[in-house]
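J.: Please find one structure pasted underneath; my questions will follow.
Each value in this text was obtained by applying a stated rule to the coordinates, not by laboratory testing. All of these numbers come straight from a predicted model, not from anything done at the bench. Glycine also receives a Cβ, built like all others from the backbone with ideal geometry; neighbour counts cover every protein chain displayed.
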Ligand code: B1M
């Protein structure tokens, strides 16, 4: 790996916000592509944090400080991931599903959708079905996007789709889902309109669903 990306990767894995931000600046100054800075330097580091947690080497506080370093680095990378001359492509209400606090992936998906011209209603984390329903009926969301990182919160995606159906709104909105444990098969099983495995695929999916 490029030495600038290695430094960024290490800073995020160690949870050092200052070095992570310095790493993003150095990588940009070296002319590295924002997409590879994100994928190789940052997302890969979070995957390693997850592996260390699984092996019992990291605990929740370590995951949390790595997440903070990731978010601090993302703030600097954000303007470079977004293109400016795009017109509104539709309105997307996005949130992590009820019970789930993992918001880094959700924030990335929101950022890429915004960059592609979608208007974003960011409902935050641990979003109850009612809030998605409100975003459809009172804020005109064309798409609702759910993110889940826990196998234990995934079932709340189905609960939320069921609540949208019961509110009589299912034919007014497209539902897209994603997050590390989520699959296309699960999307089919719960009646979502689409699944994307990463943020850039979420943009292609949203674009194709709205024609
Ligand atoms: Co948590 N955590 N965590 N955690 N955490 C995982 C998810 C875990 C896999 C770690 C592990 O064991 N290896 C594990 C889940 C196991 C499972 O369910 N099978 C886990 C656990 C167990 C937990 C707790 C239960 C730990 C505890 O308390 N004992 C707890 C639960 C809290 C809760 O949510 N109720 C918990 C807490 C936390 C922190 C708060 C400390 C922190 C989150 C901080 C934050 O987000 N603000 C945290 C972190 C950082 C992680 C890991 C290490 C990293 C997640 C991350 O940010 N990845 C994670 C391990 C891992 O993922 N390998 C882990 C980077 C991010 C860019 O990727 O979110 O996958 P991701 O998003 C991608 C794609 O998935 C996709 O696009 C994104 C960009 O490409 N995508 C979508 C995501 N949403 C999408 C939506 C779409 C489309 C695509 O359409 C709508």
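J.: Quick one: if you take sqrt(5λ) for each eigenvalue of the C-alpha gyration tensor of region 3-83, what semi-axes come out, biggest first, whole angstrom?
T.: 22, 11, 11
J.: May I ask for the Kirkwood hydrodynamic radius of region 91-210, worked out over all distinct Cα pairs and given in angstroms to one decimal? Don't jump to the answer; show the numbers that get you there.
T.: Values: mean 1/r = 0.0738 Å⁻¹.
It is 13.6 Å.
J.: How far is helix 60-81 tilted off the main Cα axis of the chain, in degrees rounded to 10, range 0 to 90?
T.: Between the helix axis and the principal axis of the chain, the angle is about 80 degrees.
J.: Output the Kirkwood hydrodynamic radius of the chain, Cα pairs only, in Å rounded to one decimal.
T.: Values: mean 1/r = 0.0566 Å⁻¹.
Computed over Cα pairs of the chain, the Kirkwood hydrodynamic radius comes out at 17.7 Å.
J.: So if R0 is 25 Å, what FRET efficiency would residue 101 and residue 80 give, r being the distance between their Cβ atoms, rounded to the nearest 0.05?
T.: Values: r = 27 Å, r/R0 = 1.08.
Using R0 = 25 Å, I get an efficiency of 0.40.
J.: Okay, next question. Once you place label points 7 Å from the Cα toward the Cβ at residue 59 and residue 14, how far apart are they in nm?
T.: Label-label distance for residue 59 and residue 14, simple model: 2.1 nm.
J.: Does region 168-211 classify as rounded, prolate or oblate by the C-alpha gyration tensor (a ≥ b ≥ c root eigenvalues; a/c under 1.5 gives rounded; else a/b over b/c gives prolate, otherwise oblate)?
T.: Taking the square roots of the gyration eigenvalues as a ≥ b ≥ c, region 168-211 is oblate.
J.: May I ask for the distance between the Cα centers of region 31-60 and region 126-149, given as a whole number of Å?
T.: That distance is 29 Å.
J.: How long, wide and thick is region 105-153, going by the Cα atoms along their three principal axes, in whole angstroms, largest first?
T.: So the three principal-axis extents are 32, 24, 13 Å.
J.: While we're here: Which angle between 0 and 90 degrees, to the nearest 10, do you get for helix 155-166 versus the longest principal axis of the chain when only C-alpha atoms count?
T.: Taking the Cα atoms of the chain, the angle to 155-166 is about 30 degrees.
J.: In deg cm²/dmol, rounded to 500, what helix-only [θ] at 222 nm does the chain give when every DSSP H run of at least 4 residues adds -39500 (n - 2.57) and the total is split over its residues?
T.: The per-residue figure over the chain is -16000 deg cm²/dmol.
J.: Moving on to the next point. Under a crude label model (7 Å from the Cα following the beta-carbon direction), how far is residue 172 from residue 122 in nanometres?
T.: Here the answer is 2.6 nm between the modelled labels.
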